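All remarks here apply to the structure that follows.
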Amino acid sequence: MNENVQNAINEQVRREFYASYLYLAMMAYFEAESLGGFAHWMRLQAQEENGHAMKLVDFLIDRGGRVELQAIDKPPRDFDSPLGVMKAALEHERKVTAWINELYELAVAERDYPAQVMLQWFIAEQVEEEKSAGDIIDQLEIAGSAGSALLMVDARLGQ
Ligand code: FEO
């Protein structure tokens, strides 16, 4: 397969695994704060990010490319508040969206049509991911400093 696209996908594999790692760190923070619903939501996000990385790995394999795993950075341990965590998650998703868009532009420039089709799934997925993090931020902003409202958001996320 096209080597530039292959290398860029390997880089994206690293970023998806980092996202999984980051959400796992956020899950641990919420567990430490006794916010089980948020922790459950973050655990699912971490699993989804792992799935994204594997989707890219399988694409490389199916196209006869080489998978070259990269080192994954250490995510932060501490966060300032539930709202701060969710804002960091949204910011990270926006970065991922920009990287996916860049990857798509590369696939277009290199005329790699199968990569374009595969990446369209990621483009649609990013719309969902940004929306779900944004919705939770909206609810946390409505909740403000009311602990009871925070617990209601937590209960909903635990469902
Ligand atoms: Fe795989 Fe949340 O981006």
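Key figures for this structure:
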| item | result |
| --- | --- |
| Top-ranked residue in region 50-71 [being surrounded by fewer than 16 Cβ atoms within 10 Å (Cβ to Cβ) and among the hydrophobic types (A, V, I, L, M, F, W, C); ranked as farthest from residue 22 (Cα to Cα)] | 61 |
| Residue in region 80-92 that is crowded, with 19+ Cβ neighbours inside 10 Å, within 16 Å of residue 16 (Cβ to Cβ), within 13 Å of the ligand (Cβ to nearest atom) and of a type outside the set (Asp, Glu) present | yes |
| From the options 47, 120, residue that is under 16 Å from residue 23 (Cα atoms) and under 17 Å from the mean Cα position of the chain (by Cα) | 47 |
| Among residues of region 93-109, those that are buried (at least 17 other Cβ atoms within 10 Å of the Cβ) and either over 16 Å from the mean Cα position of the chain (by Cα) or closer than 15 Å to residue 1 by Cβ (or both), counted | 4 |
| Of residues in region 128-150 being surrounded by fewer than 11 Cβ atoms within 10 Å (Cβ to Cβ) and hydrophobic (A, V, I, L, M, F, W, C), the one nearest to the ligand (Cβ to nearest atom) | 142 |
| Hey, residue 21 closer than 20 Å to residue 132 by Cβ, hydroxyl-bearing (Ser, Thr, Tyr) and more than 15 Å from the ligand (Cβ to nearest atom) or not | no |
| So residue 37, is it assigned to a helix (DSSP H, G or I), touching a helix residue (DSSP H, G or I) at 6+ places or on another chain (Cβ under 9 Å) and either within 11 Å of the ligand (Cβ to nearest atom) or at pLDDT below 95 (or both) | no |
| Test set (1) touching a residue at least 24 places away in the same chain (Cβ under 8 Å); (2) not in a helix (DSSP H, G or I) - residue 130 fails condition number | (2) |
| Every residue from region 60-88 that is outside any loop (DSSP other than H, G, I, E, B) and farther than 30 Å from residue 136 by Cβ | 60, 61, 62 |
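One line per residue, one yes/no per condition, for (1) in contact with a His (Cβ under 7 Å, 6 or more places away or on another chain); (2) surrounded by fewer than 19 Cβ atoms within 10 Å (Cβ to Cβ); (3) within 17 Å of residue 87 (Cα to Cα):
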| position | (1), (2), (3) |
| --- | --- |
| 7 | no, yes, no |
| 10 | no, yes, no |
| 19 | yes, no, yes |
| 26 | no, no, yes |
| 36 | no, yes, no |
| 44 | no, yes, no |
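The values are calculated or read from the model by the stated rules, or taken from the named source; none is laboratory data. Keep in mind the model is a prediction, meaning the values are calculated, not measured. Reconstructed Cβ throughout: ideal geometry from the backbone, glycine too, with neighbour counts over all protein chains shown.
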